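Undergrad: Can you read through this structure? Questions will come right after.
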Amino acid sequence: MAKQLLGKEVVAALNERIIAKAEALKANGVTPTLGIVRVGENESDLSYERGATKRCEKLGVEYKKYLLPADATQEQVLAVIDEVNKDDSIHGVLLFRPLPKHLNQDEIEQALDPAKDVDCMTNGSMAGVFTGKDLGYPPCTPQACMEILDHYGIDCTGKKAVVVGRSLVVGKPAAMMLIKKNATVTVCHTRTVDMPSVVKEADIVIVAAGRAGVVDDSYVRAGQVIIDVGINVNAEGKLCGDVAYDKVEPIVDAITPVPGGVGSVTTSVLIGHVVDAAEKAAARR
Ligand code: NAD
């Protein structure tokens, strides 16, 4: 039986560190604050917003909502981004995406000050991930994967790591982060030939394909650590990952469950970025 890498254990440790930092900032007269920008009333945005605001309250981080109607114009959304950029009391910004189709999302994303880009939507933040320079903030989901590896003391140095998926939000930055941890990294995608053999070679596997159960028992072997980023809904309406958990778990050494794995860590990583941004802003005062 594999060791379960549980999000709640990682979250508990992360939260403790975030609370301590937030308290220290408040003692110095700085209240770390997240600006939440939402256009419309999309149910998945509302659900993520509830999770984020609850986590803010738990960790001693303030939040301020900027709500726009679903038919808001490009100018209205850009005006809100300009407002949060100029407001020194807002340290980080969460903008729900995708934005309604009539908006130019890229222009809106790039308008945010990278110093407040706690959810990695600007080119500046992404450049930080790829260059190693201290620019913006890395994307929360792949960072949550790294937090899990760190928390459980899984050393990546010299290990073979495979990332399944090459999206800009998860797969590619996860590969960069694993390289930074001195792993030897291979990235698989839809055109990869004989993926089971490639994945079987790895010591550490991060799966972010967006396809339920794409990694099954034919892809894995004893000794592996499997991090499952996928969030899918199966035929019975239940949440499931990209890994066929019931088939893979009996074979490998360690695995994250879905739900209860990566997803739960992501929100704390986001709030951690807000506190880090507030620390940097306080240092510039
Ligand atoms: P995406 O659709 O943008 O990218 C998926 C990538 O996987 C693509 O590069 C594609 O080439 C590759 N891929 C697809 N099918 C494949 C296959 N059969 N074999 C090999 N590669 C394949 O998705 P994304 O935004 O990177 O998200 C990936 C998954 O992670 C989704 O299930 C998503 O819901 C989930 N997700 C979770 C969190 C979290 O907080 N846990 C956050 C973001 C995304």
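Undergrad: Under Stokes-Einstein, with the Kirkwood radius over Cα pairs standing in for Rh, what whole-number D in µm²/s applies to the range 1-127 at 25 °C and 0.890 mPa s?
TA: D = 153 µm²/s.
Undergrad: Now for a different question. Can you give the local net charge around residue 114? Use residues other than it whose beta-carbon is closer than 12 angstrom to its beta-carbon, Lys and Arg +1, Asp and Glu -1.
TA: Net of charged neighbours comes to -2.
Undergrad: If you split all Cα-Cα distances of the chain into 5 Å bins from zero, what percentages do you get per bin, shortest first?
TA: 1, 6, 12, 16, 18, 16, 13, 10, 6, 3, 1, 0
Undergrad: Carbon and sulfur: what percent of the chain's accessible surface (1.4 Å probe)?
TA: Carbon and sulfur atoms account for 52 percent of the accessible area of the chain.
Undergrad: Shifting gears a bit: State which stretch of the chain is the longest one without any exposed GluC sites (Glu not before Pro), exposure meaning a DSSP loop state and at most 14 other Cβ atoms within 10 Å.
TA: Between the exposed loop sites, the longest stretch runs 42-235.
Undergrad: Now for a different question. Work out from phi, with θ = phi - 60° and the Karplus expression 6.51 cos²θ - 1.76 cosθ + 1.60, the ³J(HN,Hα) of each residue of the range 132-141, listed in order in whole Hz, and give x for Gly and Pro.
TA: Values per residue, Gly and Pro as x: x, 7, 7, 10, x, 9, x, x, 5, 5 Hz.
Undergrad: Working from the pairwise distances between different alpha carbons, so that the mean of 1/r is found and then inverted, what is the range 67-144's Kirkwood radius in Å?
TA: When all Cα pairs of the range 67-144 are included, the Kirkwood radius is 13.1 Å.
Undergrad: Given the pairs 159/280; 172/247; 64/180; 64/133; 64/280, which are separated by over 23 angstrom at their Cα positions?
TA: Result: 159/280; 172/247; 64/180; 64/133 exceed 23 Å.
Undergrad: Here is a further query. Give, as a single signed number, the net charge of other residues whose beta carbon lies under 10 Å from the beta carbon of residue 273, with Lys and Arg counted +1 and Asp and Glu -1.
TA: -2
Undergrad: I would also like to ask the following. Checking the a/c ratio against 1.5 first, then a/b against b/c, what shape does the Cα gyration tensor give for the range 195-285?
TA: prolate
Undergrad: Students often forget the sequence filter, so: which aspartates and glutamates lie under 19 Å Cα-Cα from residue 58 once same-chain residues fewer than 8 apart are removed?
TA: Candidates past the 8-residue exclusion: 9, 16, 23, 49, 276, 279.
Undergrad: Just to be sure I understand the curve: with the Debye formula and one point per C-alpha of the range 120-225, what is log10 I(q)/I(0) at q = 0.09, 0.15, 0.19, 0.24 Å⁻¹?
TA: Once normalised to I(0) and log-transformed, intensities are -0.22, -0.61, -0.95, -1.38.
Undergrad: Same structure, new question: Cβ under 10 Å from residue 202's Cβ, residue 202 left aside: what net charge do those residues give with Lys, Arg +1 and Asp, Glu -1?
TA: Surrounding charge for residue 202 is +2.
Undergrad: Anyone know which of 125, 44, 89 comes out most mobile in the 10 Å Cα GNM of the chain?
TA: 44
Undergrad: What's the FRET efficiency of residue 101 with residue 284 using the Cβ-Cβ distance as r and R₀ = 45 Å, to the nearest 0.05?
TA: 0.75
The values are calculated or read from the model by the stated rules, or taken from the named source; none is laboratory data. From a predicted model like this one, the values you see are computed outputs, not experimental measurements. Here Cβ is always computed from backbone atoms with ideal geometry, including for glycine, and neighbour counts include all displayed protein chains. Note: accessible area is taken over every heavy atom of the protein model, side chains too, but ligands, DNA and RNA are not part of it. Shrake-Rupley method; radii C 1.70, N 1.55, O 1.52, S 1.80 Å.
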